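What follows draws every value from the coordinates through simple rules; no lab data is involved. Values in this document were obtained by computation on a predicted structure and should not be read as measured data. So basically every Cβ, Gly included, is an ideal-geometry build from the backbone, and we count neighbours across all protein chains shown.
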Amino acid sequence: MKPIKAGWVFRVFLLGIILIGMFQVNIKYVYGDDIETVTLNAVEDSWVNCDYSNDNYGSKTYLRIGYYKKYITYVKFDLSSLGTNIIVTSAELKLYGYGDDIEIATDKTSENWDEDTITWNNKPASQGTLQTKSFGGSGSYHWFVFCDNDNLVDYLNEKLGGTVSFMLRQSVSEEDSTHWSSKESGSDSAPKLTITYVYSTKTVTVLPSDNGYTVPEAGEYNVTYGNDFTVTAYPNDGYKFDKWLVNGEEYYSNPLTITVTEDLTIQPLFVMICLFDISDLIYLLITIIPAVMMGFVRFKTGSNLGVLFYSITLVVTTYCYVISGILPFYSIIMVGLYVFSILMIREGESE
C-alpha cells in the first residue's frame, strides 16, 4: 500500500484550523420587549347628584353624567396587579351606556373616596382634564371611549403600583344627560380600563478586553426587567478566564447567567497562563531525556532520520497533551504531529 504523502497531512491539518476559526464567530444577541395588553374592571364607581347633595349612589347598577352638570360620575381602578416595572404605551377608558348628545370631560382626581360614602358634598375635586370628547347620543347601550390620549398614558405611568381615579363630567351646562352601567351591573358591562404596556428595560454593558472576547460581543444591550442575560468569555491564546466583575462584584462561573433587575456593567477578566511551572519542567525532562537518547542511538547506528523526528515529536506532543486542559487547541496540534511523524517513518522505511 502506497503511504500517504506528508504534504496532504499538512493540508488537512491547516483546513481543520480554518474550520475551527470559522465557528468562533461573535453572535449579536437582540433582546426585544414583550408587548402585553390587559383590561381592568373598575374596583369602585359611583355618581353624585347636586340636587341631593348628601345622597350616595354607590350601590346603583347605573351611573349618570350631565343635566346642567348636576350629575358627575367617579370611577376607580386598581393598577397594583401590573407592578411598577412596566411602561404604559397606550390606554383607553370606556363605559357602556346610552343617552343624549353631550360633551364629556375626563378629569384626574384624588383616589381618596369610597363608593359607599361619596356624595356631592364630599366629592373630590378635579386635578386636571385629561380629554374632552363628544358622546354622539344613542337610545341603546353601547361602548364609548372617554379617554385614550397621551395624557391618560402619562397619568397611568405616574400611578403604577397603586390606584387611579377619574371624574367624568359634562363640560358644557345643558339639559342633556347620559346613563352608564356600573360595576354592580356585572363584569361584562362594568367600566373598563384597557392598558397596553411593555416591561421596562435595563441596560447591560459588556466591556471589551484585550486578552479575550465575549459572546455576545462587547457593547450595550437593552434587557427586559427580570429576564436573564447570559454571557460567555473566551480567552485569547496564552490566557485563561479568571472572573467577572459585575458592578464591582466578583463572579466566577463561565458562562455567566444573571437576572437583570438594574443597569449592569459586566467586565471579563483574563490572566496569562504560565506554560512552564516546576511540575511541567520535571515532566518535560523525564520525558525528553530518554526519547532523545533513543533517537540519537538509533540515528548513529544507521536508523532512518524519521525515527529521531518521531522521538522529538513524541516529546512535544506529550507535553501538549499535559497542558491541553488549559489550551485545548494544542490537542489538535498533538494529533496532527502524531499523524505527520508516523507518515514520515513510513516514507523513510519505503526508501
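Per-residue Cβ neighbour counts within 10 Å put Trp120, Trp113, Trp180 in the sequence Trp120, Trp113, Trp180, beginning with the fewest.
Fewest-first ordering of Lys240, Lys183, Lys108 by other beta carbons within 10 Å of each residue's beta carbon gives Lys240, Lys108, Lys183. Compactness of the stretch 73-154, taken as the C-alpha radius of gyration over 2.2 N^0.38 Å, stands at 1.23.
The distance separating the Cα centre of the stretch 200-248 from that of the stretch 113-156 comes to 49 Å. Under the criterion of Cα pairs below 8 Å and six or more residues apart, the relative contact order for the stretch 35-199 equals 42 percent.
Pairs of alpha carbons in the stretch 201-272 separated by more than 18 Å make up 31% of all such pairs.
For the stretch 54-206, what percent of Cα pairs sit more than 25 Å apart? Tail of the P(r) past 25 Å holds 29 percent of the pairs.
Evaluated over the Cα positions of the stretch 42-110, the convex hull gives a direction-averaged projected area, one quarter of its surface, of 6.3 nm².
Size descriptors for the stretch 145-286 (Cα atoms only): Rg and Dmax, in that order, 28.8, 108 Å.
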